[in-house]
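Just so it is clear, none of the values below were taken in a lab; they were calculated from the coordinates. All of these numbers come straight from a predicted model, not from anything done at the bench. Cβ coordinates were reconstructed from backbone atoms using ideal geometry, including for glycine residues, and neighbour counts include every protein chain displayed.
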Amino acid sequence: MLTQLTHGIATMTRRRALAATAGLVLGLAASSPLAPAQAADDTIKVGILHSLSGTMAISETTLKDTILFLIDEQNKKGGVLGKKLEPVVVDPASNWPLFAEKARELITKDKVAVVFGCWTSVSRKSVLPVFKELNNILFYPVQYEGEESERNVFYTGAAPNQQAIPAVDYLMKEEKVKRWVLAGTDYVYPRTTNKILEAYLKSKGVAQDDIMINYTPFGHSDWQTIVADIKKFGSAGKKTAVVSTINGDANVPFYKELGNQGIKATDIPVVAFSVGEEELAGIDTKPLLGHLAAWNYFESIKTPANEKFIKEWQAYTKNPKRVTNDPMEAHYIGFNMWVKAVEKVKSTDPDKVIDALPGIEAPNLTGGTSKMLPNHHITKPVFIGEIKGNGQFDVVWKTPGLVAGDAWSKELEGSKDLIGDWVGKKCGNYNTKTNKCGGQGS
Amino acid sequence: MPALAGPFEDSVAKFANDEFSDTEAAIGEVAASGNALASPIISALQDGRLSADPDSKKVFITQADGKIVDATTGAAVDKLPDNAAAVRLNNRLRRTVEAALGGLTLLSPDPAKRLAAAQSVFKSHEENLLPTVEGALAKESVKSIKQAFAEARAAIVLFKSDASDSDKLDAVAVVKARGDQEALALLTGLGDQQPLVAKAAASAVSSIQSNLAMWSMVQNAWYGLSLGSVLLLAAIGLAITFGVMGVINMAHGEMVMLGAYTTFVVQEVIRTRYPALFDYSLLIAVPLAFLVAGFIGVLIERTIIRFLYGRPLETLLATWGLSLVLQQAVRTAFGPTNREVGNPSWMSGAFELGQITITYNRLWILCFTLAVFAILLAMLRYTALGLEMRAVTQNRRMAASMGIATSRVDALTFGLGSGIAGIAGVALSQIDNVSPNLGQSYIIDSFMVVVFGGVGNLWGTLVGAFTLGIANKFLEPVAGAVLGKIAILVLIILFIQKRPRGLFALKGRAVEA
């Protein structure tokens, strides 16, 4: 009896497994590009690929809301090409392989015309093959390490020459900094940025002894030793500054420790590339007065466009305290560029839109007009802001004009001859020395 | 524009131009003017209380008591003009302000201000302040401030190009006696000097450096104790649920997180209703966090874990799933972004002990951890519940036959462990982010401490936490934070090979049970 029963269960499970496999195969077939297209013709679908759970939810949820807000505003104006935009939100849950899966789902199952998404470089790298294979468009809104130019990706965040290099220039000129601490979280963005900065500083005559490089694990919370080291490094009689590529949550305990150990911005200023209004919303900023951040946008910049954007955003989120930040502005620019390109070619066909995007101009929120470049990066102004007591930034310096984003850093040996040009050369890594497409990268 | 009378008024009006270069010129001119309002103007500028009206070029001081006066005349004003904005500063100007204020407050009647002034002159070593510093030095009666003035004078003399060699040698000796990092910065930044002075300065630098190197050992030890206390605090609840009960509780970190969020809620209520109580917010949060996390712990034990005793794999999976559920629940309720938990005034800042800086928040957390540990130990040793807990874990059937309601004890034990994790959350909210991910960063460390210390032994957890903390902090300056952490993990793996039951292994029948 007992053996019969177990046997029964075993067969049942096997049968179920068979059924499940069959279902899986069918499901795959249904979602493959070969399946007949069933996209609804009355709307244009826009994919949103931002983590809504897991570690990155803290930063990415806001960007999901931003695109929903922009779509809402666009639909109020009548949509695009006479059709309403329809957002499709998926949650890749801060899980890098899941980003690729969800991207595939958005493109093949939901038939989106464009995707706005990703935050970390790992997640971008994970979805790249999917966008290439299925030929769709990704707008990537976060400042990143550069060294990339892909046909299917449009980079609306800052490349290193639009954030890191101007920040260092500012410290050299205005604060007369002679000694540098490059502190970062141990992953690709800080490592590449610090490599570029180190090469740049050395080209400006800074000695190796005057550069201290320090990496910490993700979510590092015990900063006592490192802050004490920075203090020690700063007591060599030369003006010292910290260039911080510390990511995400680790910033709060870092700044708390700086404040508690009494390091003031007038002694050792910290310039950060990943600390914005959103991150400061979680801390008391009074001890941080005067520490710096370099971005292409600050909420405190007073322009009519920005004031309108903030007002509408706070009304949309029904939260009068909701802050805005740099990656949000990047999405704002990217979204408007995409709308303009689609209206220009009167189609959402990715090939046509990709070819139409370079050269498209869209206003940014700081009073200028950003332009999509042939290397799929955009022109942006660079601002240096000092942290104020209320969690906002006070702009103390800005570049005279807009800075064009370099896909490949001019400071690094391996990439200084490369350019991305998807208009003339149709190549993301064109070597200007050998006049050939190819080299480092893909 | 109204006609302005006199140079002082013209200088003050420059604050209204909203140009950093004009502000800088104005600071210099106002400081040099000798006007009685100079000091209030510049200290108002430093605190962001100086506002200017760009249209009328009038400048106003908002006094500490909220009254507003005209900066040029000192006459009271009813209210600020609508378009008046605070005068902006950048870091360069803040340094200028500090130096100017240092010069202006050297003779202040308030000893704290005089000390601050002396220290800022030590940093800025403005040559033209020498007579004022010397005058202040002669008049000063408080010993520690006199010392600070002497050091400030020495700093100026060292950078004065026409000071005699013997004066400079004396100055080097004074700065050397100060012996801290600022003295070191001053001496290394000295630039070209006469050979005799340069030699003295070099020897002073090396003596300060060797002295500081010794202090840095003390500092590492302190940092180690502090990190150890954080590890212990995070692990102590797990030492009960995992160590004593044997439940592999992956949701332990989330109990810590719930404690931190309880602190946030308490502070929110206090901020909106009873702002005067803010300094007591943590004291109020501790019992509440214990109750919240403890209650949820009991709930989890009654609904999930009690069906899984003796099935470690299923417990692991169930509690891990539970941790995800709790995280997402908090994310839905409070939002994914960090929540601001403020530090009460007694938790902020630092004091100097010799040449090391001890921050108050770390010191209090160390004391708090030791207190929690002592109370827990006493509870297990001297109370009836503690006795029952020990009885049940040592021999469940025997305890049951002695009339102990074992399932009730199980629930209470799990609730106790969870409650203590909640208390840990209150303390950790002071040094870490309060976000739904808070618990995840502590779960691995907590298991590491409990396993290393010896499962089932509270003293083992104590020694384990401090050992790991101190080892980590001595490795970090040498190997860096990333390698240091890896090295610790490798050491633990090797150690567990040698002693699978941890530092303090339980012996006897309890082990086999």
> Want the number for B:L291 to B:M402: 0.36 nm per residue separation, take away the alpha-carbon distance, what's left?
Replying inline: 37.0 nm
> Could you give the dipole magnitude of the protein assembly as shown about its Cα centre, charging the beta-carbon of Lys and Arg +1 and that of Asp and Glu -1, in debye to the nearest 20?
Replying inline: 2760
>> Net charge within 15 Å of B:N83 by Cβ-Cβ distance, Lys/Arg positive one each and Asp/Glu negative one each, not counting B:N83 itself?
In response: +1
> Under 16 Å from the Cα of A:K436, which lysines turn up, not counting those fewer than eight places away in the same chain?
Replying inline: A:K416, A:K425, A:K426
> Put +1 on the Cβ of every Lys and Arg and -1 on every Asp and Glu Cβ in chain B; which of B:A289, B:I300, B:L438 then has its Cα farthest towards the positive end of the dipole?
Replying inline: B:I300
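Which of the chymotrypsin sites (Phe, Trp or Tyr not before Pro) found in segment A:212-313 are in a DSSP loop and have at most 12 neighbouring Cβ atoms, other than their own, within 10 Å?
none
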> How high is the relative contact order of segment A:280-393, in percent, with contacts defined as C-alpha pairs under 8 Å that are six or more residues apart?
Replying inline: 43
> Tell me, what is the FRET efficiency for B:A333 and A:K109 to the nearest 0.05, using R0 = 25 angstrom and their Cβ-Cβ distance as r?
Replying inline: 0.20
>> Please identify the DSSP H helices in chain A that span no less than 30 Å along the helix axis (Cα) and have a mean Kyte-Doolittle hydropathy of 0.5 or more.
In response: A:2-31
> Under the rule that a partner needs its Cβ under 4.7 Å from the first Cβ, which Cys of chain A have none?
Replying inline: A:C118
> So between B:S203 and B:D162, what do we pick up on full extension, going 0.36 nm a residue minus the alpha carbon distance?
Replying inline: 12.5 nm
>> Taking a ≥ b ≥ c as the square roots of the Cα gyration tensor eigenvalues, with a/c under 1.5 meaning rounded and otherwise prolate when a/b beats b/c, else oblate, which class fits segment B:202-315?
In response: oblate
> In whole Å, how far is the Cα centre of segment B:479-504 from that of segment A:394-442?
Replying inline: 45
> What size of dipole, in debye to the nearest 20, comes out for chain B about its Cα centre when the only charges are +1 on Lys and Arg C-beta atoms and -1 on Asp and Glu C-beta atoms?
Replying inline: 2740
> When Lys and Arg each count +1 and Asp and Glu each count -1, what net charge do the other residues less than 11 Å away from B:S161, Cβ to Cβ, add up to?
Replying inline: -1
>> Along the Cα→Cβ direction, 7 angstrom out, place labels at A:S347 and B:S141. What is the inter-label distance in nm?
In response: 9.2
> On full extension of the chain, what length is gained from A:K425 through A:N390, given 0.36 nm per residue of separation minus the C-alpha to C-alpha distance?
Replying inline: 7.8 nm
> Taking the Cα centre of the protein assembly as shown as the origin and placing charges on Cβ (Lys, Arg +1; Asp, Glu -1), which of A:L288, B:G228, B:Q63 is farthest toward the positive end of the dipole?
Replying inline: B:G228
> What is the dipole size for segment A:332-412, taken about its Cα centre, with +1 at each Lys and Arg Cβ and -1 at each Asp and Glu Cβ, in debye to the nearest 20?
Replying inline: 160
>> Given R₀ = 35 Å, what would the calculated FRET efficiency be for A:K84 paired with B:V265, taking r from the Cβ atoms and rounding to 0.05?
In response: 0.30
>> Out of the chymotrypsin sites (Phe, Trp or Tyr not before Pro) in segment B:111-186, which ones are loop residues according to DSSP with at most 12 other C-beta atoms within 10 Å?
In response: none
>> Please compute the modelled spin-label separation between A:Q208 and B:I375, points set 7 Å along Cα→Cβ, answer in nm with one decimal.
In response: 5.5
>> Compute the helix-to-body angle for B:312-334: its Cα long axis versus the longest principal axis of chain B, expressed 0 to 90° and rounded to tens.
In response: 40
>> How are the alpha carbon pair distances in chain A distributed across 20 Å bins from zero to the largest one, expressed in percent?
In response: 24, 53, 19, 4, 0
> For chain B, what relative contact order do you get, as a whole percent, if you take Cα pairs closer than 8 Å and at least 6 residues apart?
Replying inline: 16
>> Over segment B:328-446, what is the relative contact order in percent, taking alpha-carbon pairs closer than 8 angstrom and at least six residues apart?
In response: 32
>> Less than 14 Å Cβ to Cβ from B:L299, Lys/Arg counted +1 and Asp/Glu -1: what total charge do the surrounding residues give?
In response: -1
> Which Cα, out of B:S161, B:A183, B:T72, lies furthest along the positive dipole direction of chain B (beta carbon charges, K/R +1, D/E -1)?
Replying inline: B:A183
> Where is the GNM fluctuation largest for chain A (alpha-carbon springs, 10 angstrom cutoff): A:S126, A:S94, A:S53?
Replying inline: A:S53
> Which residues make up the longest stretch of chain B that has no trypsin sites (Lys or Arg not before Pro) in a DSSP loop with at most 11 other Cβ atoms within 10 Å?
Replying inline: B:80-506
> How many angstrom separate the Cα center of segment B:267-291 from the Cα center of segment B:27-96?
Replying inline: 37
>> For a test of the definition: using alpha carbon positions, the gyration tensor, and the 1.5 limit on a/c, classify the protein assembly as shown as rounded, prolate or oblate.
In response: oblate
